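Everything below concerns the one structure shown next.
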Amino acid sequence: MITTEHFFLLYFFPSFILIYLTILRYRQHSANFFLAIASCVFYVSFGTETAPLLLTSLVLDYVISIGITKSHSKTIRRMLTVLVIVENLGILGYFKYVASPSLFPLGLSFITFQRISYIIDNYKTKKGARSFLEFMTYATLFPHIIAGPIVRFSELVNTLRKRVVTPIDIFQGMKLVTVGLFLKIIIADRLFVYEDYLFSHLSTGTSLEAVIASLFFSFRIYTDFSGYSFMAIGLARLMGFIYPENFNSPYMSSSFTEFWKRWNITLSRWLRDYVYIPLGGSRNGAGKTYINLFITMTVAGAWHGDGLVFLIWGVLHGSALVIERIAANHRIRISWPIAIKRTIVFVLVSILWITFKVQSIDQVAELIANLKQGTFSFSSAVSINYLLWASPSIILAAVWSFLIGEQKISSLKPSLSASIILSIIFAATILYSLRQQSVPFIYFQF
Amino acid sequence: MNKKHIMLMPFIIYCMMFLFEVLTLFLYFPKPMYFRAWEYVSNYSDKDAGTTPFKPLITYDGEMYGDLLRYASFTPLPREYRRQVFIADEWGFRNEPKLLNNPITVVTIGSSFSGGAAETQDMTISGLLTREYNIPTYSFTSQNVQNVWEDRRFIDNTPKYILLPDTVDGIIRSYWNYALSETDIVVTRKSWSSRYEWQKEMDPFPRTYESFAKYAKRFSMLRQLAFDIRLHILNTLLSRNQITSLSTEQVVSYDEDTGQLYFQKELDYPVIDTGGVTTDDVKQAIAVMRQTQQLLDTRGIKLIIAAVPTKAHIQGTDLSTLPDNLVITHLEKRMKEEGILYISVYDDLVSYRNNNVDVYYNDDTHWNEKTNKLIAEKVARIIRESLETSP
């Protein structure tokens, strides 16, 4: 039941939200219970095979977190924290590197990181959930359980305990859901059709088509993931939860350092707080800083997948960050126009995204071989037709990435015209989504 | 409109869409989800779709248009609407109920060509034989010779002929339609007293999440609206030629001069000879037919084959450029040599074509009632001649 599917959009979520808002208004204390049940139903709709394991892990983590909160011994608290971290990483490692890929529980990477953030914050602050229900509601919240944003307990604790959904929340929620749906259905899924065609015809395609395919994928991964994030944040807002933003026009970055402050922000934040800073961050001299940066990004790569290509992706991003840090430390400044810098960063990031699409060294080699041909034409009339068909989406993707972006949406205030436009876009996007087969979100595979 | 209403407007629209979807799922029946009667009457139950092709005792009497229009993303023109009546019997086959209460002379088998997917009930081969020629014919579409052999009903009420009408490609390549092995298996099919009895047992309202989600999507009025809106916008802004040439999938080819639609794959190899079918394939097919006929002889049944040239062949090709020794003519010759009853329609269809008479529907993959009438007439002649010569 993915969030852009017919059943979710037109049955599950509207039924859920209407009942939930009614319960929230009249029986506040039951709202979390209903929400937790709905979240479990949402999760098991993807399959029940690994549900018992994840539920057991949930209970175990909660029980241990009580021990962490209540224990007066720092040693015991630390040991219990490490135990939970090892347990969660162990489960993640097992499913990622040992078990069959078909068994991989959906969203496990995000669940693991969220759980670790909870337990570490609990260790530091001793401010965990007051009840199992509260913990379960937080840990299973369905808008973000599959692919983030990675939300900290401290960000939700107040609303978990008491919340009211106001008309402004409804408007903001619907606004974000609409934008998310639009990015996913009208832009990302349409880009996918041509991109998929080109990548499956790489061996017979031209160099121009290889470049187009890479460009399409670069825009698709952004609009797909940010679309999902928008939807998650919007759905949560409709329930009264305010999630942190997860993207901020990443393709407008003029450096890799800036890119990682704008892309998957909650993941960057997590890596900074739970990997980079515990390793020492930038506190122990330049050399150690570079190593810590490098390790952090390698972890990011490994988190995304078990293939060598993901590791290479992480290593290359780490290398870029290190190079920029070295340049900054030595006050080496490149005074090119910002547009040039942004273009270079965009091109380099797009090249690195290819590893997420092809996912094997052999296919990367095939792509490089294709590019080396130097053929700048289209291989068939069908290819041109696909491009024509997808051209509105690529234009919209470029406009979104370079002109509009998340900030402009956040600042959109309720007004009659905004409501009318949103309503039309929302209805049209849903109708459009019903016509076609849903394309899974890219980040679901992580 | 106060500020609160303004802020809630998108959410209210969402709720209205939800209510519309739920109410039309549960309150609006039958669903207009089908682009032809075939989908309305077909059995999609997980339990018995393999043995019961249509919903038992269903009746459809309404409009339909060709299947190729959908592939081409065309909205039907007024002249492309046809009335179609479709009736299924108590076993879920396309016959009048209780047809098997009387002796049967012919059983027709095979695919949707045999079943008359594009035809109204009376204009199917079985309908024509039964009504116009008083030759009781049972339509056993989707089934094959083996199924006839094993079916209790045809052991008790043995037909004299099994008729397989199909395209020449289907005849030569689809052995499973007429291959027969001698078995003692006897299949007793369930007959239903009403459609609702069948539905309650075989196609109940879905109760699991997955089956309900599939059902809800299939019968989604909003989804149907989305399809219709897209089709209408496309056909308003663009001509049929433009729609086809801009298509990314190139599944269908459109001939603007004649208004004919073809599957592109069929048009790429309009004559099966160029598609890799050879005289060796004919030899193999006939060997299987011969074996089948030998077995059928033990029950006094004759196999009749009617091989029709494909639409791309008969209507999409310049016939004057075709060589004489085509596979279809070779098939006819070999069938005659082997003594297998064969309905030859090729020359008649060429003659129709030369007189600018269509023998296939322009908007459908299936041949039209002219071809059905031709086949029915020739089958009737064979049967009459056989009755005259038999002792």
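Computed from the coordinates by the stated procedures, all read-outs in this text should not be read as laboratory data. These numbers were taken from a predicted model, which means no experiment stands behind them. When we count neighbours, we look across all protein chains shown, and the Cβ atoms used for this are built from the backbone with ideal geometry, even at glycine.
For B:D151, the residues whose amide H sits under 5 Å from its own are B:V187, ignoring neighbours fewer than 5 places away on the same chain, with H placed 1.01 Å from N.
Under 5 Å between amide hydrogens, built in the peptide plane, is the criterion, and for B:G92 it picks out B:L57 among residues at least 5 positions away or on other chains.
Most simply put, the range B:1-150 has about 70% antiparallel DSSP beta bridges, counting only bridges with both residues inside it. Rounded to the nearest Hz, the phi-derived 3J(HN,Hα) couplings of the range A:279-292 under the Karplus curve 6.51 cos²θ - 1.76 cosθ + 1.60 (θ = phi - 60°) are 6, x, x, 10, 7, 10, x, 5, x, 5, 4, 4, 4, 5, where x marks glycine and proline.
Among beta bridges from DSSP that stay inside the protein assembly as shown, the antiparallel ones total about 40%.
Close amide H pairs (under 5 Å, H built 1.01 Å from N) link B:I304 with B:I162, B:L163, B:L164, residues at least 5 positions away or on another chain.
Please rank B:M1, A:M174, B:M335, fewest neighbouring Cβ atoms within 10 Å first, as an exposure proxy. Provide the component values of the computation, followed by the final result.
Values: B:M1 8, A:M174 26, B:M335 22.
Fewest to most other Cβ atoms nearby, the residues stand as B:M1, B:M335, A:M174.
Averaged over the residues of B:13-23, the number of partner chain Cβ atoms lying within 10 Å of the residue Cβ comes to 5. Computed over chain B, relative contact order equals 19 percent, with contacts defined as Cα pairs under 8 Å that lie 6+ residues apart.
Rounded to the nearest 500, what is chain B's calculated 222 nm mean residue ellipticity when only DSSP H runs of at least 4 contribute -39500 (n - 2.57) each, over all residues? Can you show the working numbers first?
Details: 18 runs with 178 residues, N = 391.
Rounded to the nearest 500, it is -13500 deg cm²/dmol.
Restricting the calculation to alpha carbons of the range B:13-124 gives Rg and Dmax of 16.9, 60 angstrom.
Classify the range B:162-273 as rounded, prolate or oblate from the Cα gyration tensor: take a ≥ b ≥ c as the square roots of its eigenvalues, call it rounded if a/c is under 1.5, otherwise prolate when a/b beats b/c and oblate if not. Judged from the Cα gyration tensor, the range B:162-273 comes out oblate (a/c at least 1.5, b/c at or above a/b).
For the pair B:Q294 and B:L387, label points projected 7 Å from Cα toward Cβ lie 3.2 nm apart. Positive end of the dipole of the range B:208-314, charges at C-beta (+1 Lys, Arg; -1 Asp, Glu), about the Cα centre: which of B:Q293, B:S247, B:F212 has its Cα farthest in that direction? Going by the Cα projections, it comes out as B:F212.
For chain B, state the semi-axes of the equivalent ellipsoid (square roots of 5 times the eigenvalues of the alpha-carbon gyration tensor), sorted largest first and rounded to whole angstrom. List each step's numbers first, then the result.
Details: eigenvalues 332, 167, 59 Å².
After diagonalising the Cα gyration tensor, the semi-axes are 41, 29, 17 Å.
Across the range B:181-193, computed HN-Hα scalar couplings (Karplus, 6.51 cos²θ - 1.76 cosθ + 1.60, θ = phi - 60°) run 10, 6, 9, 9, 5, 10, 9, 9, 7, 7, 9, 10, 8 Hz from first to last residue, x flagging Gly and Pro. Comparing A:G93, A:G240, A:G287 in a Gaussian network model of chain A where C-alpha atoms under 10 Å apart are linked, the largest mean-square fluctuation is found at A:G287.
Largest first and in whole Å, the equivalent-ellipsoid semi-axes of the range A:111-250 read 37, 18, 10, each the square root of five times a Cα gyration tensor eigenvalue.
A straight chain from A:T204 to A:K126 at 0.36 nm per residue would run longer than the Cα-Cα distance by 22.1 nm.
Each other residue within a Cβ distance under 12 Å of A:S419 adds +1 if Lys or Arg and -1 if Asp or Glu, for a net charge of +4.
Among the trypsin sites (Lys or Arg not before Pro) within the range A:279-387, those in coil by DSSP and having at most 10 neighbouring Cβ atoms inside 10 Å are A:R283, A:R331, A:R333. Pairs exceeding a 19 Å alpha-carbon distance, out of A:K74/A:K288; A:K288/A:K341; B:K55/B:K190: A:K74/A:K288; A:K288/A:K341. Residues A:R237, A:R272, ranked from the fewest to the most other C-beta atoms within 10 Å, line up as A:R272, A:R237.
In a simple Cβ point-charge model (Lys, Arg +1; Asp, Glu -1; nothing else charged), the protein assembly as shown has a dipole of about 5280 debye relative to its Cα centre.
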